[in-house]
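As C-alpha cells, the structure follows; a few thoughts come after it.
The values are calculated or read from the model by the stated rules, or taken from the named source; none is laboratory data. Keep in mind it's a predicted model, so treat the numbers as computed, not measured. Reconstructed Cβ throughout: ideal geometry from the backbone, glycine too, with neighbour counts over all protein chains shown. Accessible surface areas use protein heavy atoms only, side chains included; no ligands, DNA or RNA. Shrake-Rupley method; radii C 1.70, N 1.55, O 1.52, S 1.80 Å.
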Amino acid sequence: MQEMRMAMFYNEEDDEYMEDGFPSDERYLSRERMNVDSPTSSSGKGPKLRSVSPLHMSSQKAGRRSGMPSRKEPHTLLEYSVNFSELVPSTRGMLMSGQNKGFPVKMTKVEGFKLPAEQETPVAGKMYANCVVDAALFMGRSFRVGWGPNGMLVHSGSLVNSPGTGLSSVIHIEKVASDKVVRDDKNKIKEDLEELVFSDPMDLHKSLDHEFLETESDSFRLKLQKVVANRLVLPDICRSYIDIIERQLEVSDLSMSSRVLLMHQVTVWELIRVLFSERANGNQLEPIGDDDQEGMVLDKKEGSVNIDLDALPLVRRADFSNWLQDSVCHRVQGEVGSLSDARYLEHILLLLTGRQLDSATEVAASRGDVRLAVLLSQAGGSMTNRSDLSQQLDLWKMNGLDFNYIEEDRLKVYELLAGNIQAAFQDSSIDWKRYLGLIMWYQLQPDTSLDVIIRFYDHLLSKGKVPYPVPVYIDEGPLDEALKWSPGDRFDISFYLMLLHASQDEKFGLLKTMFSAFSSSYDPLDYHMIWHQRSILEAIGAFNSNDLHLLDLSFVYQLLCLGKCHWAIYVILHMPYLDDAPYIHEKLIREVLSQYCELWSKDDAQRQCIVELGIPEEWIYEALALYHEYYGDQQGALENFIRCGNWKKAHTIFMTSIAHTMFLSSNHQEIWEITSALENHKSEIADWDLGAGIYIDFYILKNSMQEESAMDDSDSLLKKNESCKSFFGRLNDSLLVWGSKLPVESRACYSKMTDELCELFMKAPGVAMNLHMECFQTMLNAPVADDRKSSYLQEAVSVFTEILCSDS
C-alpha cells in the first residue's frame, strides 16, 4: 500500500490543501452554498475567499520550491461492467476524471490492478466478495460502494456467489430486482399482475376498519392508523385475500415457481383462518335492521349453530386436519400417479400419508385384501385398535416370526396403523406437513388438542427426529435460480403460525424470523403479502410488537421501487408509534415526498390519495418546491415555498432569481402580490429591508412622489430628497450584502428604479437652486450606470452655471 501511495500520490507535502481526496476550493464552494440563505453571513469573508483561488495559492507555493515535480493525479478508471440494460448511456462516464471531459471515452480492455490469486491481502477471502484489491482502499473516499435511487447498486469486484477473482478497478453498475413478483416467465413486467399483487390487496386493507392516533410535531398533525378487526370477521378477511390471489393465478405466462408461491399464499391465509378465527354463537346474532335481515338469516343457516364451548378445541382440530389434508393432497396425488398398478400396498401407504382413508380402503377392497380394508377403515380411530395392532406386531417379533414372508410395505402399513410412525417411514423421505399429519392422525390420541400436537412436533424437531419445516420454495420448488440453504436456517411461515397459536398467552420470540421474506419466498426483497398477514394478525390480537420496523421499511422500499408512493406513505402511517422515536413517521414521509416527487406529482390519483391520508399540505408543497428548484424552475419553487411557509427560502429565491425578471418585464402587480405575502412574515426573514422590502418601498415612494409632483413647495421637495437619499442608500447596502448572489439583471433592476425616481426629481418645479443642487448630490450617489451619472452631472453643472449667472 505504501508503494502504491508513493506511485500515485508522489508529492506528500501538498496534502495540506487536500481533504478526503478533494481540493480545498471545493470546501470554499460548499461553504458558500451553505450560506446561500443568509446573505449577511458571506458579506464579510465572501469577497476575500473569491479573490484568490486556493488552487492558485497551491501552485504559487509549489513554484517557490525548487525542483519540486508536479502532483500526479490518480489514474482514471477505464473499464466498466454495466449489467443493467436499461441504464442510460450518460452514466457510463460518471467516473471519468476532469482531464477527459469533452472527449469521447475510449472503452479499452485493461487488466486492472491485478494481484496473484495466492497473494494475501487485507480484503482477500469470500467474506469480501472475492475482491483482491478494494477500490475504497486504493482511491480513498473518492470512490465507495453504495446505493443509488430505485435499487441501483454501484460496486467493485465480483458478486458474492460468482466464481473467480474480481478486480476492484472494474466498476459494476447494477439494478437490484425488487419487482420479480410482477414478472412473467419471460422476465417481463405485467401491468395487470402489478395491480393484483400490490394495489388490490392495499385497497382491501384500506377498506377495513381503522383506529387513528393523532400525533403533533412542530404544529403539524399526523394521523397514524391501525387496522381494527375481531376474530369473528377474520374468515371473511381471509377469503377476500384468497380471492385476490386466485385472480393472480388466472394471469397467463406465470412461471412455475410463482404459481407455487401463490398457491402457498392461499394455504397460509386458510391456516390463519383455521388457527385464529372464532365461531359466533347462534344466539348472539340478531337482526340489526330491515336491510340486513336477509343477510342475518343466511348467517344463521350457514354458521350460527350452537356449539358447546368444550367442543371448540375439537372443532379447531378438525379444521386443522382438513387444512393439512388439502395442503398435501397435490403431493400425494403426484407420487401416486408415478406408481405402477402392481405396487398397491405402497399406493395405500401414500394415501394414508394424506389421510385419504376412503381411497385407501377402496384400493385394498378392489385387490381382495378385505381384512386390510377393514383395518384401514378404522385407521386413526380408537386407541384400543392401535394397541391391539401394536401388541400383535410385538408378539410376532417375540415369537420369531420370519417377516421375509410378509411384504415390506404391508408391515409399514401395520406399523403406521399401530401408531409407530418412525418405524413405518424410517427409510422414506416425507415432507414435514405430512409427517405432522401422521403424528396427529395415527400416533396421538384423537382428542389431543391442537396446541399439544404442535408442541410435540416442535419437541421432536429440537431432537432432530422429524423433518424440518422448510420453506415452500425449498420443499416443493422448482426454483428459477440456485439458492444456498442448510437445514435449520429458517422455517416455513406456516410452521411459525402454528407455533404462534401454540404459544397462546406466552411471549412469542420468533416474530422477526417469522415475518422475514425468506420464510415464504425465495426473493429476499418481496414483502408484499407478509406485511398484510402481520397487519391482520396484529389487528385480531394474535400478538403485539413494536419491533418490526424492518418489515415495514422493506415493504416501503419495494413499493417505492415500483412507483407506488402513496401506498408507501400508507404503510408508514401504519408503523407503530414509539416514544423514543416520535418523529420517525414525519421524517420518512418527508423523505418519500422529496425523493419521489417526480412520480407522485405527475399522477393525480396518487397525489389525491396522499392528501386524503391527511399528510400536511406544507410537506407536499415543500417537496414540490425542492423538485422545481432542482430542475431550475425558480418560479414554481417560489410559489411552493410560499405555500409551505418557508419564507426565508422563498425570499432568497425571489431576490436572486425572480424579482429582477418580473421588474424588467413590468410585471409590477405580480411583484406586489409576492412581496405582500412575504411582508406578513418579514420578522422571520433576515435582511428584509435590504431584500424584498426594497420593492415595496419603491412602489410606495414612487406613488407618493407622483402625487406630490404638482405641488410647488420646497418642503415637499426636501421631503422627497430625504426619502430618495435613504432609499438609494438601502440599494447600495443591498448590493453589498447580497454580493455575487445577485445577477447582473438585479443591478439593472436597481438602476431602473433609480432612473424612475430621478426622473420625478427632474420634473419637479424649481423652488430654489440650492435645493436642486442637493437633489443632484442625492442622484449622483445612487446606484446607476456611469452614462446616467454623466447626464446627471451635466445637468448639475448646468444648474450650477445658472446659479452663478443669477448671483452675478
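What order do you get for 525-537, 218-230 when each peptide is scored by the mean count of other beta carbon atoms within 10 Å, highest first?
Packing proxy ranking, top to bottom: 525-537, 218-230.
Once you have a ≥ b ≥ c as the square roots of the Cα gyration tensor eigenvalues for the range 173-291, tell me rounded if a/c is under 1.5, and otherwise prolate or oblate according to whether a/b is larger than b/c.
It comes out oblate by the Cα gyration axes.
Past 20 Å, Cα to Cα, is the threshold; run 564/602; 649/752; 725/752; 564/587 against it and keep the listed order.
Flagged as over cut-off: 649/752.
What does the charge add up to near residue 207, with Lys and Arg as +1, Asp and Glu as -1, over the other residues with Cβ less than 12 Å from its Cβ?
-3
Amide H to amide H under 5 Å from residue 255: which residues, 5+ apart in sequence or cross-chain, H placed 1.01 Å off N in plane?
Amide H neighbours of residue 255, under 5 Å, 5+ apart: 185.
From the cross-link list 226/512; 206/648; 175/648, which pairs have alpha carbons spaced over 28 Å apart?
Check vs 28 Å cut-off fails for 206/648; 175/648.
Tabulate in residue order the Karplus-calculated ³J(HN,Hα) for the range 233-240, using 6.51 cos²θ - 1.76 cosθ + 1.60 with θ = phi - 60°, rounded to whole Hz; enter x for Gly and Pro.
With coefficients 6.51, -1.76 and 1.60, one gets 8, 4, x, 5, 5, 4, 5, 5 Hz.
Quick one: which of 752-759, 338-345, 370-377 comes out on top by average Cβ neighbours within 10 Å, and what's the full order, highest first?
Ranked by mean Cβ neighbours within 10 Å, highest first: 752-759, 370-377, 338-345.
Net charge near residue 539: determine it from the other residues with C-beta under 11 Å of the C-beta of residue 539, scoring Lys and Arg +1 and Asp and Glu -1.
Spelling it out: positives minus negatives among the neighbours equals 0.
When only the heavy atoms of the protein chains count and the probe is 1.4 Å, how do 209, 733 rank by accessible area, highest first?
209, 733
Determine how many Å³ per residue the convex hull of the Cα atoms of the range 351-427 encloses.
Given the Cα convex hull of the range 351-427, per-residue volume reads 96 Å³.
What net charge is computed for the residues neighbouring residue 550, neighbours being all others with C-beta under 12 Å from the C-beta of residue 550, Lys and Arg scored +1, Asp and Glu -1?
Computed value for this residue: 0.
Mind computing the radius of gyration and Dmax over the alpha-carbon atoms of the range 525-632? Å is fine for both.
14.7, 52
Per residue, how much accessible surface does the range 572-671 expose to a 1.4 Å probe? Answer in Å², no decimals.
Here the per-residue accessible area is 46 Å².
Would you mind calculating the gained length between residue 452 and residue 665 on full extension (0.36 nm times residue separation, minus the Cα-Cα distance), in nm to one decimal?
Net length gain for the segment: 68.3 nm.
Starting from the Cα of residue 612, step 7 Å toward the Cβ, then list every residue of the range 201-237 with an amide N under 13 Å from that point.
Under cut-off, by backbone N: 202-208.
Highest mean first, how do 585-592, 247-254 rank when packing is the count of other Cβ atoms within 10 Å averaged over residues?
Per-residue Cβ counts within 10 Å, averaged per peptide and sorted highest first, yield 585-592, 247-254.
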